[in-house]
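See below for the structure under consideration.
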């Protein structure tokens with residue numbers, strides 16, 4: 001399949017998805033443009049595959065940043081506890097931010 005036609009199809013599918021059309025409606029719109037059923041289904045499946053790959057990559061980034069913040073908060077808490085300093089931000093702040101990012105990443109991975 002021609003890469004220019006594929007990029008045009010991806011752009012058309014993105015626009016339809018942003019307008020709030022369901023998957024069946026998007027496939028119907030692709031069929032109305034004169035594409036065969038197999039080609040339209042192939043383009044739509046390829047678009048979903050690329051979209052899911054981007055979403056999965058961003059989910060891994062969220063999880064990685066969250067784990068980094070959790071680990072950093074743990075080590076800051078250990079250091080500040082041993083020096084009798086206030087460790088509330090390291091214990092609670094970084095932990096909450098880290099957990100939120102990890103959960104967001106996990107939700108994106110599972111969806």
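On C-alpha positions alone, give me the angle between the axis of helix 23-32 and the longest principal axis of the chain, in degrees, nearest 10.
Here the helix axis deviates by roughly 30 degrees.
Pairing the Cα long axis of helix 3-18 with the longest principal axis of the chain, what angle in degrees results, from 0 to 90 and rounded to the nearest 10?
70 degrees
Helix 37-82: angle to the longest alpha-carbon principal axis of the chain, degrees 0 to 90, nearest 10?
0 degrees
Order these peptides, 18-27, 41-50, 64-73, by their mean beta-carbon neighbour count within 10 angstrom, highest first.
Going by the mean number of other Cβ atoms within 10 Å, highest first, we get 64-73, 41-50, 18-27.
Going by Cα centres, region 70-94 and region 14-63 are how many Å apart?
45 Å
Run the helix sum for the chain: -39,500 (n - 2.57) per DSSP H stretch of 4+ residues, divided by residue count, reported at 222 nm to the nearest 500 deg cm²/dmol.
Taken over the chain, the calculation gives -28000 deg cm²/dmol.
Read-outs: derived from the displayed coordinates by stated rules, not from any lab. Treat the numbers as computed from the prediction; the structure is a model and nothing was measured. As a convention, Cβ positions derive from the backbone with ideal geometry for all residues, glycine included, and neighbour counts pool all protein chains shown.
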